[in-house]
Amino acid sequence: MKKRLLGLFLTMTMAVSLAACGGSKPAETTAAATTAAPATEAAKAETEAPKAETEAAKETEAAKETEAAKADGKLIKVGFAQVGHESDWRTASTKSCQTVFSEANGYELSFVDCDNDEAAQKEAVRSFIEQEVDYIIIDPIIATGWNTVLTECEEAGIPVVIIDRTVDDSDKYVAWVGSNFKTEGLAAGEWLKAYADKMGISEINALVISGSTGASAQIGRSDGFNEVAEKYGWNILDEQTGDFTEAGGQQVMENYCKSYEGKFNVVVCQNDNEAFGAMTAMDNAGVKYGPGSDVILISFDACTAGLKDVQAGKITADFECNPLAAPFVEEVLQKLEAGETPEKEVYMVEHWYALPDQIVPFEIDGVAQEMTEVTDAVIEAQY
Ligand code: GYE
């Protein structure tokens with residue numbers, strides 16, 4: 001592997017990206033930036049003019065560096081085999097990678113949207129090997145079936161970084177950056193227990209709309225929630241996949257509304273897009289959901305549109321999954337460039353969201369969990 005120096009510009013960009021995604025609450029980050037701004041308009045204009053010149057100079061410098069790096073063939077070649085485009089979460093993940101692995105930052109990115117097709121994803125990885133990229137990033141559609149193609153990457157001497165979902169049957173990758181999906185499922189379950197207790201609800205009859213079957217995000221969220229359900233003796237009436245899509249969520253919920261009419265008081269959607277579809281189906285069937293209604297609606301991801309539905313009193317609680325992992329993947333690549341050994345696992349920081357009346361204290365394995373109130377500022381700062 002060739003070693004490259006990316007210069008000060010890249011280092012600065014990384015620092016800013018990392019600061020923006022470092023896991024502090026989004027609203028706090030925004031508030032801090034606002035407080036630091038100059039007090040008067042005049043002062044603002046004065047400081048902004050030279051700042052604009054410096055920025056322009058920096059940009060020209062960076063553009064020159066990029067051109068030079070390109071001419072020397074020095075851009076770092078990265079192939080990214082993305083799952084698809086099924087959800088708001090996925091759109092944010094793609095954008096995060098395309099922003100971080102841009103030419104301006106010293107990268108040449110080959111991006112493949114695998115459209116949720118496992119075979120196409122393996123082919124994408126093989127095409128990256130043929131292109132002799134420097135690094136391969138994979139977000140594995142499903143958790144199994146990876147050892148052969150990862151061995152091919154290893155034999156070609158191309159380090160692989162796994163992002164988001166996990167690979168469960170091979171350790172032939174350098175690092176993984178993503179979320180603890182089982183913790184998300186446990187959080188949803190333990191929150192539900194605490195909230196049901198507060199509301200005096202003693203019997204839970206839950207319908208689950210799961211994510212794409214075999215994806216580690218689906219497996220982890222199901223395992224976590226089911227563990228809690230078993231502990232408290234809840235009834236899980238059914239679990240069918242909505243494939244992490246709005247259309248899938250709507251279709252499954254339409255069937256549920258017919259098969260389980262009047263029999264359920266909890267709906268768990270394993271992502272916000274499924275929840276959007278499920279809400280349409282419940283609206284059409286005349287089922288009331290959200291705080292104070294017949295049905296408690298739980299969702300995962302906490303994208304902007306999901307949090308708006310929490311604020312509107314439709315989704316009762318939303319358990320975040322943070323898609324802005326690319327800056328941390330870049331950190332891994334930079335460590336490899338510097339000949340250092342990166343951490344094998346990097347976890348994203350996430351929050352659990354609700355409105356004040358639905359914020360109840362709960363624990364996961366004896367660890368007290370904090371919940372975040374959904375406000376305009378929180379929504380504004382979300383992905
Ligand atoms: O929750 C869902 C997306 O893998 C964590 O995939 C990700 C999941 C996310 O389609 O919205």
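The values are calculated or read from the model by the stated rules, or taken from the named source; none is laboratory data. Predicted model only: the values in this text are computed from it and were never measured. With ideal geometry, Cβ positions are generated from the backbone for all residues, glycine too; neighbour counts draw on all protein chains shown.
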Can you report the number of residues in segment 344-375 which are without any contact (Cβ under 8 Å) to a residue 40 or more places away in the chain and either more than 22 Å from Lys182 (Cα to Cα) or loosely packed, with under 14 Cβ neighbours inside 10 Å (or both)? 6
Reported set for segment 272-306 where residues are out of contact with any strand residue (DSSP E or B) (no Cβ under 6 Å at 6 or more places or on another chain) and either within 19 Å of Gly211 (Cβ to Cβ) or within 14 Å of the ligand (Cβ to nearest atom) (or both) is Asn273, Phe276, Gly277, Met279, Thr280, Ala281, Asp301, Cys303, Thr304, Ala305
Single residue of segment 232-260 satisfying the filter (more than 11 Å from the ligand (Cβ to nearest atom), among the acidic types (Asp, Glu) and within 21 Å of Gly220 (Cβ to Cβ)) that is surrounded by the fewest Cβ atoms within 10 Å (Cβ to Cβ): Asp238
Result of the Cβ filter at 7 Å on segment 89-100, keeping first residues that are free of Cβ contacts under 8 Å to residues at least 60 places away in the same chain and partners that are among the aliphatic types (A, V, I, L, M) and within 11 Å of the ligand (Cβ to nearest atom), at least 6 apart or interchain, is none
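Only one of Lys263, Lys193, Lys182 is surrounded by fewer than 22 Cβ atoms within 10 Å (Cβ to Cβ), in contact (Cβ under 8 Å) with a residue 24 or more places away in the chain and within 13 Å of the ligand (Cβ to nearest atom); which?
Working: Lys263 fails: within 13 Å of the ligand (Cβ to nearest atom); Lys193 fails: within 13 Å of the ligand (Cβ to nearest atom).
Of Lys263, Lys193, Lys182, the one residue that is surrounded by fewer than 22 Cβ atoms within 10 Å (Cβ to Cβ), in contact (Cβ under 8 Å) with a residue 24 or more places away in the chain and within 13 Å of the ligand (Cβ to nearest atom) is Lys182.
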Can you tell which of Ala215, Ala278 is touching a residue at least 40 places away in the same chain (Cβ under 8 Å) and either more than 25 Å from Ala312 (Cβ to Cβ) or of a type in the set (Lys, Arg) (or both)? Ala215
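Restricted to segment 137-179, and to residues that are polar (S, T, N, Q) and within 12 Å of the ligand (Cβ to nearest atom), which residue is nearest to Val78 (Cα to Cα)?
Going through segment 137-179, the residues polar (S, T, N, Q) turn out to be 144, 147-148, 151, 166, 170, 179.
If we keep only those that are within 12 Å of the ligand (Cβ to nearest atom) as well, we get 166, 179.
Details: Thr166: 19, Ser179: 22 Å.
Among those residues, the one meeting the criterion is Thr166.
Return a yes/no flag: does segment 248-268 have any residue that is within 26 Å of Gly178 (Cα to Cα) and assigned to a helix (DSSP H, G or I).
From segment 248-268, those within 26 Å of Gly178 (Cα to Cα) are 248-249, 267-268; that's our starting set.
Pick out the ones that are also assigned to a helix (DSSP H, G or I) and you get 248-249.
Yes, segment 248-268 contains a residue that is within 26 Å of Gly178 (Cα to Cα) and assigned to a helix (DSSP H, G or I).
Consider Gln369 carefully, then state whether it is polar (S, T, N, Q), assigned by TED's automatic domain parsing to the domain that holds Ala188 and out of contact with any Ser or Thr (no Cβ under 7 Å at 6 or more places or on another chain).
Details: polar (S, T, N, Q): yes; assigned by TED's automatic domain parsing to the domain that holds Ala188: yes; out of contact with any Ser or Thr (no Cβ under 7 Å at 6 or more places or on another chain): yes.
Here the answer is yes, as Gln369 does meet what is asked.
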If I ask for residues that are among the β-branched types (Val, Ile, Thr), within 16 Å of the ligand (Cβ to nearest atom) and not in a helix (DSSP H, G or I), which ones from segment 307-347 would you list? Ile315, Val346
Every residue in segment 78-114 that is within 18 Å of the chain's Cα centre (by Cα), among the hydrophobic types (A, V, I, L, M, F, W, C) and assigned to a helix (DSSP H, G or I), please. Trp89, Ala92, Cys97, Val100
Among the numbered criteria (1) in contact with a Lys or Arg (Cβ under 7 Å, 6 or more places away or on another chain); (2) without any contact (Cβ under 8 Å) to a residue 12 or more places away in the chain; (3) of a type in the set (Gly, Ala, Ser), which single criterion is violated by Gly84? (2)
Restricting attention to segment 290-343, which residues are free of Cβ contacts under 8 Å to residues at least 60 places away in the same chain, out of contact with any Phe, Trp or Tyr (no Cβ under 7 Å at 6 or more places or on another chain) and among the basic types (Lys, Arg)? Lys335
